[in-house]
Amino acid sequence: MTPGRTWVIAPPRRSFVVGVADMVASNDANADIITYSLGSCLGIAIYDPVKKVGGLLHIMLPDSKIDAAKAVSSPFMFVDTGVPRLFHSAYDLGADRNRLIVKVAGGSQLLDEKGIFNIGERNFIALNALFALKGIPIHAKEVGGVSSRTMRLDLSNGNVTIKPPGVAAYPL
Amino acid sequence: MTAIELVNKVKNLPPVSNAALKLVSLLEQPAVSNDEVVHALKCDNVLTAKLLRACNSPYFGLEEPVSSVDQAVFILGHQQILHIVLTLAFGSAMVVPLPAYAVEANELWRHSLVTATAAESVVESFSNLSVEGPVAFTVGLLHDIGKLVLSQALTVEYQSEIRRLVEQNNFSRAEAEKATIGTDHAEVGAQLLQSWHLPEDIVEAVGNHHSPLLKPRPRLSVVTHLANCAAHLAGSAPGWDGYAVRVNEDVVKTLAITPDRIDLLIVAVRDSFDKVDGFMTMS
């Protein structure tokens, strides 16, 4: 082989996509975790900057009690069953609870005076209650409004960005 | 501008096969026979060819390839065939991006399919509405078709006025359209379907999906309204104003809807996402 110039080409960043009622946790600092169409659902991103371990959860509903079978088959659908699994997945990858940075986005609301359809708000109330019980602070949040959002967690530095339709992404 | 003026003015109306419209019209009958479905389809060679290709796609996993419409209807049943045909017939018109709504390509189409399957869940969950599944699927699929037409009339000025009303005055999308242009995407959709001579119930369901009729008895628009709300809550809410949809309080009251019932409906909508993905690959 003829000696020549050495080209160093950075491999493309990987993207893990989190579906609705789904979760990804990873320690791959060369990857992003991304979730689309967060509406009344909540995206919960956690990140340990020392271990570069993070996770992103996309929950739909506040409480798994409405469907016991779903609580087992799709635990990431609900706040009460999904959030503990997100944290434990990060702990399993070496994250330290006291270093975790927690960011929350979503919880959009339909225009509903009576509030029967206000799942976004009920989701956020359920999440706050759970965090209060466990003593977990939320470091940044963008909850409510009439847009859906795309949420991205950069595993190299823990930066979280939000992108509503028709608008450029911005940091949370 | 009225809905009728707008439909007459706009140049690009969604292209739709006559055979598909004929099938939608059949829904008005209390019972549809396989023969009628086959007969309607046979008038359209292109649609027939697409249908056979879809039936033979891996999604259905048939052991023997299907080679005729009769065979396809016999094996898959006319409900399934109706779903496939509607998907093929309206999909190509509805996959376009709508910049005036900040809706990207495929997004309106996916939302229509999610609403169609959500409508099936609604009539299952609220059986006292006594609506057939295929009718529910069809009106869910067509509920936002007016956006294809209205978006062509939304100038930058109209768009910014709509945005102002939604963001500052707590208007819903449809209310803001009506205040700005004089009509909204629901009325325009109904007008379009009427010009295609579709059954009155289906026109009603599309035209009133933001203002459902409950008296003297709940009409089909109650189904489209609930299905649309459920689709939005399951995350299918395209556009910058995806959640600027007003929930009708009278529907909530009349049907005695509780938060638990909504939650279960949304679980059902989420469960249909695989089916929606299947339809997306077909169209």
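The values are calculated or read from the model by the stated rules, or taken from the named source; none is laboratory data. None of the values given here were measured: they were computed from a predicted structure. Because the Cβ atoms are built from the backbone with ideal geometry, glycine has one as well, and the counts that use them run over all protein chains shown. Please note that ligands, DNA and RNA were not included when accessible areas were found on the heavy atoms of the full protein model with its side chains. Shrake-Rupley method; radii C 1.70, N 1.55, O 1.52, S 1.80 Å.
Mean Kyte-Doolittle hydropathy of 0.5 or higher plus an axial Cα length of 27 Å or more: which whole DSSP H helices in chain B meet both? Write down the numbers at each step before the final one.
Numbers: long enough: B:69-94 (29 Å, 1.21).
Membrane-span-like by this criterion, though nothing is claimed about a membrane: B:69-94.
Among all the lysines, which ones have a C-alpha under 30 Å from A:K134's C-alpha, if same-chain residues fewer than 8 places away are not counted?
Within the straight-line limit of under 30 Å, A:K134 reaches these lysines: A:K51, A:K52, A:K65, A:K70, A:K103, A:K163.
In degrees, nearest 10, range 0 to 90: what is the angle between the Cα axis of helix A:79-92 and the longest Cα principal axis of chain A?
Approximately 30 degrees, to the nearest ten.
Determine the gain in length on full extension of the stretch B:T281-B:C43; use 0.36 nm per residue of separation and subtract their C-alpha separation, reporting nm with one decimal.
Values: separation 238, 0.36 × 238 = 85.68 nm, distance 2.48 nm.
Taking 0.36 nm per residue and subtracting the Cα distance, the gain is 83.2 nm.
Mind checking region B:1-62 for GluC sites (Glu not before Pro) that DSSP puts in a loop (not H, G, I, E or B) and that have at most 13 other Cβ atoms within 10 Å? Please list the in-between numbers first.
Details: sites: B:E5, B:E28, B:E36; in loops: B:E28.
When the GluC sites (Glu not before Pro) of region B:1-62 are filtered for loop state and at most 13 Cβ neighbours within 10 Å, B:E28 remain.
Quantify how strongly other chains surround peptide B:256-264 by giving the mean number of their Cβ atoms within 10 Å of each of its Cβ atoms.
Values: counts 0, 3, 1, 10, 4, 2, 7, 12, 4.
Averaged over the peptide's residues, the number is 5.
Region A:114-172 to region B:53-92: how many Å between their Cα centroids?
After rounding, the separation between the Cα centres reads 41 Å.
Given a Förster distance of 30 angstrom, what is the FRET efficiency for A:N98 paired with A:A68, based on the Cβ-Cβ distance and rounded to 0.05? Before the final figure, lay out each step's value.
Details: r = 34 Å, r/R0 = 1.12.
Computed FRET efficiency for A:N98 and A:A68 comes out at 0.35.
Any idea of the total accessible area buried by the B-A contact, 1.4 Å probe, rounded to 100 Å²?
Working: alone 13050 and 9400 Å², together 19630 Å².
So the total buried area for this chain pair works out to about 2800 Å².
Hey, how many Å between the Cα centroid of region B:182-233 and the Cα centroid of region A:1-52?
Here the two parts' Cα centres lie 42 Å apart.
Within 10 Å, count the other beta carbons around each residue, average over each peptide in B:65-72, A:5-12, and list them highest first. Could you put the intermediate results ahead of the total?
Details: B:65-72: 16.5, A:5-12: 5.2.
Going by the mean number of other Cβ atoms within 10 Å, highest first, we get B:65-72, A:5-12.
In what order, largest first, do A:I44, A:I116 sit by accessible area if the probe radius is 1.4 Å? Let's see the in-between values first.
Working: A:I44 0, A:I116 35 Å².
Descending order: A:I116, A:I44.
Going Cα to Cα from B:K9, which lysines come in below 27 Å? Please leave out same-chain ones fewer than 8 positions away.
Filter leaves B:K22, B:K147, B:K178.
If you count only protein heavy atoms and use a 1.4 Å probe, how large is the accessible surface of A:D28, to the nearest 10 Å²?
Approximately 40 Å² for this residue.
If you line up the long axis of helix A:119-134 against the longest principal axis of chain A, both from Cα atoms, how many degrees apart are they, to the nearest 10?
80
Starting from 0.36 nm per residue, how many nanometres of slack lie between B:A105 and B:Y158 once their C-alpha separation is accounted for?
16.9 nm
At 222 nm, what helix-only mean residue ellipticity would the protein assembly as shown give, in deg cm²/dmol to the nearest 500, using -39500 (n - 2.57) for each DSSP H run of four or more? Kindly include the intermediate steps, with their values, before the conclusion.
Numbers: 19 runs with 217 residues, N = 455.
Helices in the protein assembly as shown give a 222 nm mean residue ellipticity of -14500 deg cm²/dmol.
In peptide B:228-238, what is the residue-averaged number of other protein chain Cβ atoms found within 10 Å of each Cβ? Could the numbers behind the result be given before it?
Values: counts 1, 4, 1, 1, 7, 12, 9, 15, 4, 10, 3.
That average works out to 6.
At a Förster distance of 22 Å, what's the computed FRET efficiency of B:D35 paired with B:S57, Cβ-Cβ distance as r, to 0.05?
For R0 = 22 Å, the calculated efficiency reads 0.30.
Enter the mean number of other protein chain beta carbons within 10 Å of the beta carbon of each residue in A:33-45, as an integer. Before the final figure, lay out each step's value.
Numbers: counts 0, 0, 1, 1, 9, 2, 9, 7, 5, 0, 0, 0, 0.
Average neighbour count from other chains, rounded to a whole number: 3.
Equivalent ellipsoid semi-axes for region B:31-70, as square roots of 5 times the alpha carbon gyration tensor eigenvalues: give them largest first, rounded to whole Å. Show your work: numbers first, answer last.
Values: eigenvalues 76, 31, 12 Å².
Over the Cα atoms of region B:31-70, the ellipsoid semi-axes are 20, 13, 8 Å.
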